[in-house]
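The values are calculated or read from the model by the stated rules, or taken from the named source; none is laboratory data. If you're wondering where the values come from, they're calculated on a predicted model, not measured in any experiment. Here the Cβ is made from the backbone with ideal geometry for all residues, glycine too, and neighbour counts use every protein chain on show. What goes into the accessible areas is simple: the full protein's heavy atoms, side chains included, and nothing from ligands, DNA or RNA. Shrake-Rupley method; radii C 1.70, N 1.55, O 1.52, S 1.80 Å.
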Amino acid sequence: MRTAFLGIGGYLPPRVVSNDELAEMMETSNEWIVERTGIRTRHWIDRECGASDLAVPASRQALADAGVAPEEIDCIILATLSPDHTFPGTACFLQEKLGLKGIPALDIRNQCSGFIYSLAVADAFIKTGQYRRILLVGAEVHSTGLDKTTRGRDVACLFGDGAGAAVLGPCEETERGVLSTHLHADGRYARELWIEVPGSRFFPQRLDVAMVEQGRHFPRMNGRRVFVEAVRRMPEVIGEALAANSLSVDDIDLFVPHQANQRITEAVAKQIGMPAEKVFSNIDKVGNTTAASIPLCLRDACLQGKLQRGHLVLLASFGAGFTWAAALLRW
Ligand code: UT7
């Protein structure tokens, strides 16, 4: 028995923000962003809206795609780095909005690796028989948390809002489902990409005016370090996943990397010898949506006919923590 994707869904808020629009807010240009990142547009919310609100239409689409009624869901796992509130977890707000009372609602906080980390948890729950219909969601609202001045341009040009969702369940067909997941982290780099405040470690209070004036409540990143480590760690964990299943790159039908930067995707693909036609990207239209990035790609790949039943799919991610992960699955 394996854990299969029964349905997939996604949602992007309607407002499309071009690079030229960003250039009106900060010193940047369409040319710089396209050349360094491959991003042309991203979606940003245009009204009060949390990660759980974006998750609702994505979840409903995944449920419809799976042919599963909401009441059949027996567990929600939601990955986000942009929770609706500090606590409780965003999965609780999603549970309420979907009208699903009593089932467990779990938040996962592993940033760009959040979806694969969540998949690993869901896979374990399903394999042990604890749950049979898990709603797995990655949802992010970045736009209201970015420093949209020149000071924050390295981060602000990358991130977009959105949500992706999947319905997972046990599958008796052994040729279908998750083959394995591989998770890693290295906390020595935790401060290379982070939002420092508010934080419980600060005394006497976790947030004050000086911190805000210093911009410590905005995401800050050592972009070069992230780039170098991503290009080193993703091929490493992909090699681990392939070896664990006695598979090679030639066996893969579709490679779906986390959408961090098109140059990272191309460097990783080159390093592992994956031909460009097997690599899925949508970063040009949606930017980096962290935990939502992989499920949004899976949804788009299905819509475009690039992902079909029986395909062997390789997922890989790298992000804050640092965390990195890979998964192999038969769609
Ligand atoms: O999912 C994980 C999340 N994060 C990532 O994956 C990020 C990984 N890193 C990157 O994608 C790249 O490092 C960036 C796209 C963020 C930056 O590209 P880079 O080629 O590494 O540029 P850099 O950081 O070395 O900066 C080069 C210059 C700097 O100016 P000076 O110091 O040379 O005068 C930056 O200030 O580019 C400047 N710069 C910008 N210029 C125009 C940084 N961001 C921008 C911008 N527009 N948006």
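So, in the range 104-126, how many residues would count as being open to solvent by 10 Å² or more (accessible area, probe 1.4 Å) and aromatic (Phe, Trp, Tyr)?
Going through the range 104-126 one residue at a time, the tally reaches 2.
Of the numbered conditions (1) open to solvent by less than 30 Å² (accessible area, probe 1.4 Å); (2) in contact with a helix residue (DSSP H, G or I) (Cβ under 8 Å, 6 or more places away or on another chain), Gly89 fails exactly one; give the number of that condition.
(2)
Would a scan of the range 65-82 turn up a residue that is assigned to a helix (DSSP H, G or I), surrounded by 24 or more Cβ atoms within 10 Å (Cβ to Cβ) and either away from the ligand (no atom under 16 Å from the Cβ) or not hydrophobic (A, V, I, L, M, F, W, C) (or both)?
Checking the range 65-82: not a single residue is assigned to a helix (DSSP H, G or I), surrounded by 24 or more Cβ atoms within 10 Å (Cβ to Cβ) and either away from the ligand (no atom under 16 Å from the Cβ) or not hydrophobic (A, V, I, L, M, F, W, C) (or both).
List every residue pair whose Cβ atoms sit under 7 Å apart, with the two residues 6 or more apart in sequence or on different chains, where the first one lies in the range 24-37 and is farther than 14 Å from Gly287 by Cβ and the second, anywhere, is open to solvent by 70 Å² or more (accessible area, probe 1.4 Å) and within 7 Å of the ligand (Cβ to nearest atom).
Final answer for the pair search is Met26/Arg153; Glu27/Arg153.
Taking interchain pairs and intrachain pairs at least six residues apart, which have beta carbon atoms under 8 angstrom, with the first residue in the range 1-17 and closer than 10 Å to Val167 by Cβ and the second of a type outside the set (Val, Ile, Thr) and part of a loop (DSSP other than H, G, I, E, B)?
Note: pairs meeting the criteria are Ala4/Glu173; Ala4/Arg176; Phe5/Trp331; Leu6/Gly67; Leu6/Arg133; Gly7/Gly67.
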